1. What residue, among those in the range A:288-304 that are open to solvent by 20 Å² or more (accessible area, probe 1.4 Å) and at the interface with another protein chain (Cβ under 8 Å from one of its Cβ atoms), is nearest to residue A:271 (Cα to Cα)?
2. Just checking, how many residues over the range A:269-284 are more than 10 Å from ligand 1 (Cβ to nearest atom) and either within 14 Å of another protein chain (Cβ to nearest Cβ) or farther than 14 Å from residue A:254 by Cβ (or both)?
3. For the structure I just gave you, tell me whether residue B:381 is open to solvent by less than 10 Å² (accessible area, probe 1.4 Å), in contact with a helix residue (DSSP H, G or I) (Cβ under 8 Å, 6 or more places away or on another chain) and either more than 7 Å from chain A (Cβ to nearest Cβ) or free of Cβ contacts under 8 Å to residues at least 24 places away in the same chain (or both).
4. Can you name every residue in the range A:257-281 that is open to solvent by 40 Å² or more (accessible area, probe 1.4 Å) and closer than 24 Å to residue A:171 by Cβ?
5. Six or more apart or on different chains, Cβ atoms under 8 Å: show the pairs whose first residue is in the range B:52-71 and free of Cβ contacts under 8 Å to residues at least 40 places away in the same chain and whose second is within 16 Å of ligand 1 (Cβ to nearest atom).
6. Looking at the structure I just gave you, is residue B:265 within 16 Å of ligand 2 (Cβ to nearest atom) and in contact (Cβ under 8 Å) with a residue 24 or more places away in the chain?
7. Which of the residues that make up the range B:57-84 are under 25 Å from residue B:394 (Cα atoms) and within 16 Å of ligand 2 (Cβ to nearest atom)?
8. Restricting the search to the range A:361-370, which residues are part of a helix (DSSP H, G or I) and in contact with a helix residue (DSSP H, G or I) (Cβ under 7 Å, 6 or more places away or on another chain)?
There are 2 protein chains.
Amino acid sequence: MSSGSKKRIKISPPLLISGSFFVLIVIGTILLKLPLATTAPISWTDALFVATSATTVTGLSVFDPGTVLTGFGEGVLLVLIQFGGIGLMTFAVAILMMFKKKIGIQNRLYLQEAFSQNTFGGIIRLVKYILLFVFSVEAIGIVLLTAYWIPDYGVKESLHLSIFHVISAFNNAGFSLFPDNLMSHQTDPLVLFLLSALFIIGGIGFTVVVDLFQKKTFRQWSLHTKLMVIGTLVLNLFATIIVFFLEHDNPETIGGMSLFEQLFASYFTGVTPRTAGFNVVDYSVMEDPTLLFTMILMFIGGGSASTASGIKLTTFIVVVLATVSFLRSEREPEIFGRSIRLEITLRSLAITTISVLTVWLFIFLLTISETIPFLPLAFEVVSAFGTVGLSMGVTGQLSDLGEVMLCILMFIGRVGPLTLFFLLLKKKKQHFRYPYDQVFTG
Amino acid sequence: MSSGSKKRIKISPPLLISGSFFVLIVIGTILLKLPLATTAPISWTDALFVATSATTVTGLSVFDPGTVLTGFGEGVLLVLIQFGGIGLMTFAVAILMMFKKKIGIQNRLYLQEAFSQNTFGGIIRLVKYILLFVFSVEAIGIVLLTAYWIPDYGVKESLHLSIFHVISAFNNAGFSLFPDNLMSHQTDPLVLFLLSALFIIGGIGFTVVVDLFQKKTFRQWSLHTKLMVIGTLVLNLFATIIVFFLEHDNPETIGGMSLFEQLFASYFTGVTPRTAGFNVVDYSVMEDPTLLFTMILMFIGGGSASTASGIKLTTFIVVVLATVSFLRSEREPEIFGRSIRLEITLRSLAITTISVLTVWLFIFLLTISETIPFLPLAFEVVSAFGTVGLSMGVTGQLSDLGEVMLCILMFIGRVGPLTLFFLLLKKKKQHFRYPYDQVFTG
Ligand SMILES: [K+]
Ligand SMILES: [K+]
């Protein structure tokens, strides 16, 4: 017989990642459907929707979590958010480490895929850093927020609210126990600052955090870290200015605030779309250009290997750099004295193309299945794809079919469209190249 | 002194193409503003808008051409359409040939850019073919349509209507002398078939036509011709089915027709968005999914070096093939036993990226300047970019600023965003490569 008979069935990293998320969603759905999870019965579809929304750290909800969920239900939600946010794979390795099992080459490869790391070495150490980092940051956040909220809510409720909102923020989930999300805190700069600091740190990417810890000067940073840090600063500043410019005279959002409150609410509204999804203004009365701008931010998202989703900020930057370098007849994009490899450019373009087509397809399908007006529906779809959770208020009006379709989209958005497509398309081993022929384009 | 002092100022092909279109639009604006061009005075903005719409073969209009334009005005419109459609450069060479001037290498290069041809040889012959072909097809169309319309309109008016609609159709302009465009002919299959045949032939690209004339079997066709012919057939069939599926139970569009009429109206509504822009149904009462699907078709457009615009069908096909080949870990896209060069892939991705960002930017700007609801406005912007001319009926509601912005967009859409960006960005001569560094994406 040929050597093929010796092959063992191996589970590929994309399958492991997708599979683990799928299992987590199924378990979450069952737990949320239990009578002890909610104060009033919910449908299986609604349980599936909220379990998916939590696991994919989206934050869209067909009911108000603060009133419908019991303490047990809230606990389930938080566990789903925490696992979904910092990643099942981290926990898988953490558990392995606790049991002092030796991590084989297969698991390392698996982690490598999960964190997009290039080298084997240091991956185990990276995971230790991640867990230490996540729980340190969350602990600091909980202490600070609890202390701040004690005068308003008392010790017990303050701790309760802080744990929920800090975990929701760090993991970019955007779930809130307040019925209006954070609108009642729209002029409370300390809460907004603390929560936005948490979701920006959580969403910038673990590899960036490790780099920042290990290397002290800008020159030492990797290109990825430079792009993420500078890109985040520039985009957040730009978004703040745009939101302020477009909404400062809208009395239904920030028009009635003082200038300082307007600027701070603009800042929060500019940074929250890149996956966090908390809202301090009512998106159903926002200006059309602001909504359109927000949709772009939701599509771009945060950092790779982070609690954020979207196509990722670096993907967007590489696509723009590649287009500019093409127009300047350069071979490869260059920035900060470094060149970007062709494979990275092609990968970024593939991610963007698949994502645009996916979002378009789901808007198309939902305009067929739903009777919701176009803009709120398109906004909802982009929000689900970017696992953002912002909404113009139509989540509760979705049909069962619409809810299931958004569940699929949140799953695709969190696992990453490339991961899923790698599963579906069989790789081809190429032995020769066909002759070239010209195609005229554009 | 260095050899640099010997350099002469040369006009680059992108500048020549943009410049000639710009001059044509200015002349057209002045002529349409003349009192003898219209039955009632029009504003400079409206004259600019319609001159731009005609030159870029868009077909959007802020007034009804059939009632507002005099015979002279109609003539101006037709000349602008004919020049804009088959290209100023073709005419420029034709005029040179009539004067028996020798065509220098500069002019040949100029034409090369205009027709995206790879080789110098045969370009002059190609231009002869084009003119022969255009006027033959238009003459046949005019004879057939005049003969068909004589019973309804009499000889003189039938000839008048036929000349206008045939030139408008072949050049994918979509202007009509009927106040409801072609809606009153929605159940007249012969008119619809003839006009759609004209705009499909005009929009498939001159290089394809030449290939079809010169090579008799499928195997002999170039890859470009194969992609265009198969792509056009598949996309037109697919679009017909989608439109029929989405609209057959919509009483305000095709719901009240017989099955045959429904199928034929679906066919026409499926093929007209790829630049022609004639309409047989009222787009303001169309279903949202059909409108969204139509927007994608308008964005894709027709063939390169044709009377059609959009990013071009081949650009779209290459982007899809490149994405699939990336997912299958192939080096280069392959189809019909041919490989597609990396530069063509990168060019297609650059065109698509710039086009998506341009369309998005103009929708954003128009949501700021206009008070028109989101979907009709987005539809209008995509229609202007693709120089299609379909509208949900909001063209007349645009502000002056909105009209000017759409003029700029029609210009970009017709000249091609790459052409303009090549003008703006200075090419960089690269002497060394920076070291590579990793960027994590997606
Ligand atoms: K979120
Ligand atoms: K047109």
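1. Of the range A:288-304, the ones open to solvent by 20 Å² or more (accessible area, probe 1.4 Å) are A:288, A:295-296, A:299.
Narrowing further to those that are at the interface with another protein chain (Cβ under 8 Å from one of its Cβ atoms): A:288, A:296.
Working: A:288: 18, A:296: 12 Å.
My answer is A:296.
2. Just the residues of the range A:269-284 that are more than 10 Å from ligand 1 (Cβ to nearest atom), to begin with: A:269-271, A:279-284.
With the extra rule that they be either within 14 Å of another protein chain (Cβ to nearest Cβ) or farther than 14 Å from residue A:254 by Cβ (or both), the set shrinks to A:271, A:283-284.
Total satisfying the criteria: 3.
3. Numbers: open to solvent by less than 10 Å² (accessible area, probe 1.4 Å): yes; in contact with a helix residue (DSSP H, G or I) (Cβ under 8 Å, 6 or more places away or on another chain): yes; either more than 7 Å from chain A (Cβ to nearest Cβ) or free of Cβ contacts under 8 Å to residues at least 24 places away in the same chain (or both): yes.
In short, yes.
4. Going residue by residue through the range A:257-281, those that are open to solvent by 40 Å² or more (accessible area, probe 1.4 Å) are A:258-261, A:263-264, A:267.
A:264, A:267, listed by residue number.
5. If the second residue must be within 16 Å of ligand 1 (Cβ to nearest atom), no pairs are left.
6. On the way: within 16 Å of ligand 2 (Cβ to nearest atom): no; in contact (Cβ under 8 Å) with a residue 24 or more places away in the chain: yes.
Criteria not met by residue B:265.
7. To start, the set of residues in the range B:57-84 that are under 25 Å from residue B:394 (Cα atoms) comprises B:57-70, B:73-74, B:76-78, B:80-81, B:84.
Of everything in the range B:57-84, those that are under 25 Å from residue B:394 (Cα atoms) and within 16 Å of ligand 2 (Cβ to nearest atom) turn out to be B:57, B:58, B:59, B:60, B:61, B:62, B:65, B:77, B:78, B:80, B:81, B:84.
8. As a first pass, look at the range A:361-370 and keep what is part of a helix (DSSP H, G or I): A:361-369.
Scanning the range A:361-370 gives A:362, A:363, A:364, A:365, A:366, A:367, A:368, A:369.
The values are calculated or read from the model by the stated rules, or taken from the named source; none is laboratory data. The model shown is predicted, which means the values in this text are computed figures rather than measured ones. Cβ sites come from the backbone with ideal geometry, for glycine too, and all protein chains shown count toward neighbours. For the accessible areas, the whole protein counts, side chains as well, though only heavy atoms, and no ligand, DNA or RNA atoms are used. Shrake-Rupley method; radii C 1.70, N 1.55, O 1.52, S 1.80 Å.
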